[in-house]
Amino acid sequence: MMKHPFLIDITNKENWLYPTNGYNPDGSVSEEQRTLTMPEGPHKMYCFTDSLMHPAQDQNPAFVGLHEHHMGYETFFVESGSMIFYINGKKTVVEKGNIIHIQPYEAHGMVFKDYTIYRGTFHDWNCTDDAVATALLEKNYPNAKKDPEFFSLLISNIDMYMREPADFPEVPATEVPSVRNPDKPIAEFKLDGVTMKMITGRWENGGTKEFWRAEMKKGFTAEWQDYPTVQDLFYVQSGEIEFKVYDEVFTAGPDCLVKIPKYAPHSLVVKSDAVMYDIGGLTQWYALLGDRESILKLNPERFKKPETINALKAKYGCLIKTCGMK
Ligand SMILES: [Fe+2]
């Protein structure tokens, strides 16, 4: 079957670019990982991976694999199961529905309690680039990744720095700033047919991006500018969304990524209430929606003029032409 040009079903093996395993010290599988989209551009953005984590054989802190990155940012969706998450001197239980955001120099590690669907998006991190070479190595020498000597070599070649095994006091997830709950976003804006929730701020991503969740009602539509100058990558977590890209119409549902090339005219219509994440995150939504609210509150007359919002869109890189309920 031909791959769809814009729709990536994460559960379809044909879309797995570099399927690979992680291994426990005894050689058993700890993680089944696959890359769905590769990093792109100077900040290595638009990268998305899917992992099925196996329950840890041993919950001893010695096996947590505490480590830090010095350049890379990691954002993970915990889509099923549960895990114990160690970060910055604390540990906590993270369950389905939470999102984890890890910045450089935050020492972190995890122990999975159940089979857990663990999906990640990254920027400024070189690990996924290595997937090309490690996949080839594994194909030719299936046992190479089980070799501890190769593992240390791999670690020393990517932006990953191992820390000493450690155990930390357990606290509620609400006391760990890296664990994000979509019910308690950093900022929330209600618009016609969509609630925009900011999960991570631009200041938490080295200024490179911000990370938003759109909760859209059935009947909500959005149409982008004719030739948008940046690509889009969306992750659909629930609901059904009909997209039109060029003249191609298709429906994206749960477990789908939608990857739209730059300059491609596109629009969407929500067919059943949907939750979607903007993985690209270049638009300065927080400034745009914040300024919009300020103008509405302080100068309603100015707000009514169409040029007011158009100027904000241009200033903050919003490429959506129109949106709202049909
Ligand atoms: Fe990490």
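The values are calculated or read from the model by the stated rules, or taken from the named source; none is laboratory data. Remember, predicted model here, so these are calculated numbers, not experimental data. Please note: Cβ atoms are built from the backbone with ideal geometry, for glycine as well, and neighbour counts cover all protein chains shown.
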Check your understanding: Listed residues 197, 190, 217, 209; which is away from the ligand (no atom under 16 Å from the Cβ), surrounded by fewer than 15 Cβ atoms within 10 Å (Cβ to Cβ) and of a type in the set (D, E, K, R)?
Key -> 190
**Study point:** Pairs where the first residue, in the stretch 300-323, is more than 22 Å from residue 278 (Cα to Cα) and the second is part of a loop (DSSP other than H, G, I, E, B), C-beta under 9 Å, 6+ apart
**Key:** 308/299
Check your understanding: Can you tell which of 19, 25, 61 is within 22 Å of residue 154 (Cβ to Cβ), away from the ligand (no atom under 16 Å from the Cβ) and touching a Pro at 6+ places or on another chain (Cβ under 9 Å)?
Key -> 25
Exercise for review: Inspect all residues belonging to the stretch 34-48 and state whether any of them is crowded, with 20+ Cβ neighbours inside 10 Å, within 15 Å of the ligand (Cβ to nearest atom) and among the hydrophobic types (A, V, I, L, M, F, W, C).
Suggested key: yes
Exercise for review: Check 31, 74, 14 and return the single one that is crowded, with 20+ Cβ neighbours inside 10 Å and under 28 Å from residue 143 (Cβ atoms).
Suggested key: 74
Study note, to complete from the structure: Residue hits (the stretch 124-149; touching a residue at least 12 places away in the same chain (Cβ under 8 Å) and more than 25 Å from residue 40 (Cβ to Cβ)) are 145, 146, 148
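This table checks each residue for (1) part of a loop (DSSP other than H, G, I, E, B); (2) out of contact with any Leu (no Cβ under 6 Å at 6 or more places or on another chain); (3) away from the ligand (no atom under 16 Å from the Cβ).
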site: 51; (1), (2), (3): no, yes, no
site: 57; (1), (2), (3): yes, yes, yes
site: 71; (1), (2), (3): yes, yes, no
site: 91; (1), (2), (3): no, yes, no
Exercise for review: Count, please, the residues in the stretch 173-186 that happen to be assigned to a helix (DSSP H, G or I) and within 16 Å of the ligand (Cβ to nearest atom).
Suggested key: 0
Exercise for review: Six or more apart or on different chains, Cβ under 6 Å: which pairs go from a residue in the stretch 64-80 that's outside the structural domain of residue 159 (by TED's automatic domain parsing) and free of Cβ contacts under 8 Å to residues at least 40 places away in the same chain to one that's of a type in the set (Ser, Thr, Tyr) and within 8 Å of the ligand (Cβ to nearest atom)? Could you list them?
Suggested key: none
Study note, to complete from the structure: By residue number, the members of the stretch 209-258 that are aromatic (Phe, Trp, Tyr) and farther than 17 Å from residue 193 by Cα are 211, 227, 234, 235, 246, 250
